[in-house]
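In what follows, a single structure is set out as structure tokens and then discussed.
The values are calculated or read from the model by the stated rules, or taken from the named source; none is laboratory data. Being a predicted model, the structure only gives us computed values, none of them experimental. Heads up, the Cβs are rebuilt from the backbone with ideal geometry, glycines too, and the neighbour counts pull from every protein chain shown. The accessibility values were calculated without ligands, DNA or RNA, using every heavy atom of the protein model including side chains. Shrake-Rupley method; radii C 1.70, N 1.55, O 1.52, S 1.80 Å.
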Amino acid sequence: MNCSVCGKPATIYNKSGLPSCSSHAKKTTEAPLCPKCKVPMKLRESKYGKFWGCTAFPMCDGVVKIR
Ligand SMILES: [Zn+2]
Ligand SMILES: [Zn+2]
């Protein structure tokens, strides 16, 4: 059974019942909280790639990098 997303050996089933490997298990868009003001963050994109930006931007410049 291979992962329906990346084709690697699947170890779990995701919510839709499709085989998935553990690397996607928690990769659903669950927004982290801003390290500065603790509000849920929003996925943003810059020329450097995607990152979590604070929804209070520009009042708050908190960012969380996506690995
Ligand atoms: Zn996968
Ligand atoms: Zn913030």
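Of note:
- Candidate set from segment 1-43 (those that are more than 11 Å from the chain's Cα centre (by Cα) and of a type in the set (D, E, K, R)); member that is nearest to ligand 2 (Cβ to nearest atom): LYS36
- Boolean, CYS54 is modelled with pLDDT of 90 or more and touching a strand residue (DSSP E or B) at 6+ places or on another chain (Cβ under 9 Å): yes
- Pairs where the first residue, in segment 45-67, is of a type in the set (D, E, K, R) and the second is open to solvent by 100 Å² or more (accessible area, probe 1.4 Å), C-beta under 8 Å, 6+ apart: ASP61/LYS36
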